[in-house]
1. State all residues of the stretch 92-122 that are surrounded by 11 or more Cβ atoms within 10 Å (Cβ to Cβ), closer than 17 Å to Arg72 by Cα, of a type outside the set (Ser, Thr, Tyr) and out of contact with any Asp or Glu (no Cβ under 7 Å at 6 or more places or on another chain); if no residue qualifies, say none.
2. If you take the residues in the stretch 79-91 that are at pLDDT below 90 and farther than 22 Å from Met51 by Cα, which one is surrounded by the most Cβ atoms within 10 Å (Cβ to Cβ)?
3. So Lys104 clears everything in (1) over 25 Å from Glu132 (Cα atoms); (2) assigned to a loop (DSSP other than H, G, I, E, B) except one condition, right? Which one?
4. Are there any pairs, at least 6 apart or on different chains, whose C-beta atoms fall under 7 Å, with the first in the stretch 119-132 and within 14 Å of Pro80 (Cα to Cα) and the second in a loop (DSSP other than H, G, I, E, B), and if so, which?
5. Taking the residues in the stretch 57-101 that are under 18 Å from Ala119 (Cα atoms) and outside any helix (DSSP H, G or I) as candidates, determine which candidate is farthest from the chain's Cα centre (by Cα).
6. Does at least one position in the stretch 58-74 carry a residue that is without any contact (Cβ under 8 Å) to a residue 40 or more places away in the chain, touching an Asp or Glu at 6+ places or on another chain (Cβ under 8 Å) and aliphatic (A, V, I, L, M)?
Amino acid sequence: MTTQGQMDMFAPKPLVGEMPPAKPISTAMAQPKREDPPVLNNPPPKKNLRMETERWLASNPEVAQLFLRFARELAARRRPFGIGLITERVRYECAISTSPSKFKINNNWRSYISRWLIAQDPRLEEWISFREVKY
């Protein structure tokens with residue numbers, strides 16, 4: 001059997017001090033604590049990777065020719081290859097060259113560079129493996 005003292009142990013205890021009265025919902029919703037960000041009517045345009053790639057190739061013709069040369073060398077071996085292999089070789093060749101280079105190759109451009117290679121030399125289509133572009 002339980003005694004009265006044991007039962008009191010589980011009884012709710014009174015709160016110390018008073019709680020502030022709750023605000024009505026309409027008042028609480030009408031007064032934000034911080035400013036809401038302005039609504040943008042014109043969101044920034046999405047990046048057009050294809051156009052960026054075309055501009056980059058046009059501004060770096062010597063690097064574009066390296067891509068084409070290395071792709072043709074690999075195609076001459078008559079084995080499929082990916083654009084990643086050529087990209088890393090171009091980076092390597094430019095890193096060890098005597099003239100300092102200021103360009104960077106964005107990995108997001110590689111699929112468009114592979115399509116540019118095929119446009120330059122349609123025989124490469126048989127050897128370059130690539131996936132469908134998602135955007």
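1. Glu93, Arg110, Ile113, Arg115, Trp116, Leu117, Gln120, Asp121
2. The qualifying residue surrounded by the most Cβ atoms within 10 Å (Cβ to Cβ) is Phe81.
3. (1)
4. Matching pairs, first to second residue: Trp127/Pro80; Ser129/Pro80.
5. Going through the qualifying residues, I end up with Pro80.
6. yes
The values are calculated or read from the model by the stated rules, or taken from the named source; none is laboratory data. All values derive from a computational prediction rather than experimental measurement. Counting neighbours? That spans all protein chains shown, and the Cβs are built from the backbone with ideal geometry, glycine included.
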